[in-house]
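The structure under discussion appears below in the form of structure tokens.
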Amino acid sequence: MAFREVQSLRSLHHLPQRRWYTPPSRRTWSKQHYRIRTPRPMTDRFDLSRVQPQKEWWRERRVAPATFFGFPDVTKAGMRGGSMYTEQMDAVTLAVLADKCVQENVWDPELWLKFSWRAQQLSTRTEEPDLCYIFRAFARADWFDQNLLTTYLGRLHRRLPQFQLPDVAVLLEAFENPRFRQGEYLQRSLTHMALLLQHRDDAAVEDLARTCVALRNLHPQPADISVEVQAGLLLLAEIQTASIFQAFCSLPSPAAAMHMHVGRLRPKEKPRRSLLSLLGRLWGTKATSSSPRPSGSSDPEASLPSLRADAPPAEHATTPQDSAEDQRRLPRPRRRLSGSLSGHGLGPGRLKLRLPRAKARKQRQKSEALARDALRSKDFSFETIVRVLEAVHFPMNKTRKNVLPDGVEAVHGMVLGLYAFAYNIGYSDASKKNPSLVRLLSAFCRAAHPDFEFTSIQVNKNYAARPHVDKNNLGNSFIIGLGNYKGGELWAHDDEGDVPVDLTESIRSMLHYRAGVTYRGRTFDINCRWQSFDGNRLHCARPFEGTRYSLVFYTCDRFQQASQGVRSAMCSAGFTFKWSSMRLQDALSAKNEERKRCRDEFEIEQKALVREERRREKEELGPCMARTWNKGWGGDCANPKHVDGGDFCQQHLKVWRTHGRVDGPVPEKKRAEMLKWQKIHVGKGVQALLLRELSELSPSQAIGVLHSLVRWELVNSEHHQGNAAADLCWSLARELKGKLRNAGRENPEDLALLAMALSSGKIDHEELWLELITNLEMEMHRMSGSAASQAAYAASKNGHRGIKLYQNAGRLLGEEASKLSAMDCAYAAGAFLRGPGSLAEQVVLRGAVGAQIQELGLSSFDAEALAMMLDALSRAAPSTWGVETLAAAVLEEVHGRADELSFDDLALVARSLGYLQPQTPQVLQHVLDHALRAAKDQGSSARSFALLCQGIAMQPSSLLLDASERLEALLPEVEKALQEKPTAESAAQILWSLSRCTSSSREGVFAVCDDVLSARAAELPASLLIRLAEALAAVSRTGLNPSQALIKKVSYLLDMKRYDLPSGKLWRAARAFELLRVPKNISLEERDQPASAKVPRRQGSQKLESLEPLEPLEPA
């Protein structure tokens, strides 16, 4: 029995180790492994760190400082608590910290309330661009405070005339939030942007691209604002600047832009308050007779710099002699000064003054005397230098954090000569206190290396620097060790060396050194020996015993920023540095380039690490299922699911219903808003990137620009020539020729976008289309189902009938059918019902796409998808199985939702009904009634009116008795639309539909159509020219006589394009001209004769009213 129990216990070895009671003999061990131990509430003390070990932030390794911009880090405020000191923030700091909160997803209401309070306090003193950044931060955080909004809108209105283009871009980014957007202020911002573009020609390409992105995110807008945006876009198009429209990841992030702004705003940062400047400010606090003031200055504030909290200590501060303005130096305070401060309420008890000790002063006097003696006798021996250094007073240095050994807070060391700390460049205080020492050490180095140029001397005493890289070192340096010591060799990184060093921290420099990696190097004995090394490579000091002094002579890489006063001071101190040396200039340029390359590599690596970490989180928890705004396009949330949040991340737990789920429909309100916003953004900003250096754009970027222009209808079937946007599209099409193979390999989805753009924009570049079709056939298997349906739809719309493309698309759609949306199904139906008839039933009607349509249900289709689906069914061959059944179901859905359809959709439905000719007059009249009302209320382009007129004219008299009256009611709106320079196809469709109208008021519309066609008939292909000739014959039978100029133009074009027609077609145009009583202008060849000698009856003179209607999109 015992054996069985042992076997059963052994079988449970795979279960997690967890004891419900810890025996006395194991208590010590189990305390070290708290994760497998269940606490006993009545016995064990409560320990938060064991319950939630992730809260032990103090145990984490600090890879970043605990402060940001001199204030407590906002990302750690929730764990560390304490004050954020918002009352001490200026406008720049508030803007940066608020933007960081947005970037780090810090939404603490208490913190944002304090930010709002401080922002209102600073509003009257805040100017651009801080004003825009603060406003944008609150808008992105969606922190709505009516007082804040009113205050800042007023301030923005007042400062708007001073805004530059980057400021306007930031303001437009803030207006992305509808709650912060006011129509009047937005319109004024757009007007100011237009003025800047008109009267300024110095706009940077990055600013133009950023403005385009900002405008793209302002969709939708009211009609009056949309007009402003469109006008601004056309103005941007005329600027003809080149850039990249979809380089959104390449634009600097808002936080980086803020840092760039701060750098421009404060090019010369002031140093930290030294004791001298602090006392000067205290002198100026009260104007009393007992308060001492510096001589020669009535206002000490004018001569005292404003200081930052993260500036260097006093010994590295900028001296007043750096510029002529700072030469009014305050007298050095004496020890008796503390008594004079008591009158201001700041006696010795409140202000503790650390004055130099007498011992340090005596040491300095002794060392200076020894240095002067050595200089006088020109004795530069090692023993003399050591004797001087032993007498020198070395201050405690806490600023060189990168060299401090582990467990040490400060070391003995100082820099002589030029120093660089943060934004400060100057002549160090240690050099001023030890002038003779500076001269002696400079002469000491020149005696050993007369050709070596240096600006700075680092003097160290008795510490072994940990592995580090000299940040402000130009590179080539000399080092020597002095004193009585053993060890202390210099280790320098060298890949061919044989001495390894384990690095415990990452170091960013020209070479990125990573923690946990072992680097090889060489050791050099520097005891009384000069050694040259590269300060930009990793180096350190080996352990030693005894008294060790090390002298490092190097060139500060920011020597160009030194003021004339600093240069004069260094020259008088004995430095013989050549400030204009070309060799040093070349070395500095090489270092800056290498530093930039290293920084870019580091950023790429960090982004990859973040992406990998987020990917692992998503794999563990799964992606958030909420849809995001994504600048109006909609997108997937990048965050993983919350641990206890179900299908959503912490950010979308309560607000996911705003945009819906990614696997569900977009809410109707939000969908309309997205569509309108997208039109405005793309329409305004894209055209600034026109006609210059387009060859530098990658194929993906060029396709993105082209698709955006077409998507927002700046280029469409009505406007594909004669404007800046159309010129840009054609230029991009020519640039893309020959580049689609590589583009398809990198991202096959771009090919689908290009196909849709070329098809919708009516960009008939034949060579580009042939190349595109070839690459689509090869890359179709790598596309998603949505992209494949769009590519096939665009190809069929362009008239491509090759079977291979549709076979590949059908195979892919069969595999991806379950992932297709309603719009994708509409695209697929339009593609295959227009394309080869053999595949229509196999893929759509009896295939996977049809099954997906049934599963989704027509009720889930939006208005545009329903109109497209009905149009596709109307183009199918009459013998295709299931067309009538599906068309009846779609028409029933359209009939019930006619109020939701726009005028463009209703016009497309009307034209589709003209082909289908349903035997339900009530449904037909109901749809046409809605179309007529929408035409008067909404209006549209001439193309939509042409489709509507064509649909009405195509209906037989038995189904639509009042076709003439309906066309007559449309004539005023049609005549207005024709004034917008329509295409020849639209004019031809309207002209043909006039054959069903008997009203006398049609003559004005007919005259406009005649003029348009006389001027633009050359745009029509040969097949549509035949239909136009037949339309002219049909119209002439109703009493309208076309002009002789139009007839001659059509006959001339037909004669010129006759070989574009298949055999047996041109005779129809000749017959139409005979009916027009026109002399024989077209000579028919043998190939132009009909197939049979007998002319079909329906083409005779008595059946002209049944001539086939014009089809503007697909030539017959």
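When you count, for each residue, the other Cβ atoms within 10 Å and take the mean per peptide, how do 594-607, 763-776 rank with the highest first?
On the way: 594-607: 12.4, 763-776: 18.1.
So the peptides 594-607, 763-776, ranked by packing, come out 763-776, 594-607.
Starting from the Cα of Lys631, draw a straight line to each of the aspartates and glutamates and keep only those under 14 Å, dropping any in the same chain fewer than 8 residues away.
The qualifying aspartates and glutamates are Glu173, Glu176, Glu673.
Starting from the coordinates of the alpha-carbon atoms of the range 783-876, obtain the Kirkwood hydrodynamic radius over all distinct pairs and give the value in Å to one decimal.
Value: 12.5 Å, from the Cα pair sum.
With +1 on each Lys and Arg Cβ and -1 on each Asp and Glu Cβ, how big is the dipole of the range 89-216 about its Cα centre, in debye rounded to the nearest 20?
340
Sorted by packing (mean other beta-carbon atoms within 10 Å per residue), highest first, where do 819-828, 656-665 land?
On the way: 819-828: 23.8, 656-665: 15.7.
Descending packing order for the listed peptides: 819-828, 656-665.
Of the cross-linked pairs Lys398/Lys461; Lys762/Lys936; Lys366/Lys486; Lys401/Lys461; Lys100/Lys669; Lys737/Lys762, which ones have a Cα-Cα span greater than 21 Å in the structure shown?
On the way: Lys398/Lys461 14 Å; Lys762/Lys936 27 Å; Lys366/Lys486 27 Å; Lys401/Lys461 16 Å; Lys100/Lys669 31 Å; Lys737/Lys762 17 Å.
Exceeds cut-off: Lys762/Lys936; Lys366/Lys486; Lys100/Lys669.
In terms of Cα to Cα distance under 18 Å, which aspartates and glutamates are near enough to Lys578, apart from those fewer than 8 places away along the same chain?
Within the straight-line cut-off, Lys578 pairs with Asp451, Glu453, Asp557, Asp586.
Of the peptides 479-485, 910-916, how do they stack up when ordered by the mean number of other Cβ atoms within 10 Å, highest first?
910-916, 479-485
FYI, it's all coordinate maths here, none of it is from the lab. Keep in mind that this is a model prediction, so the values were computed, not measured. Don't worry about glycine lacking a Cβ; one is built from the backbone with ideal geometry, like all the others, and counts go over all protein chains shown.
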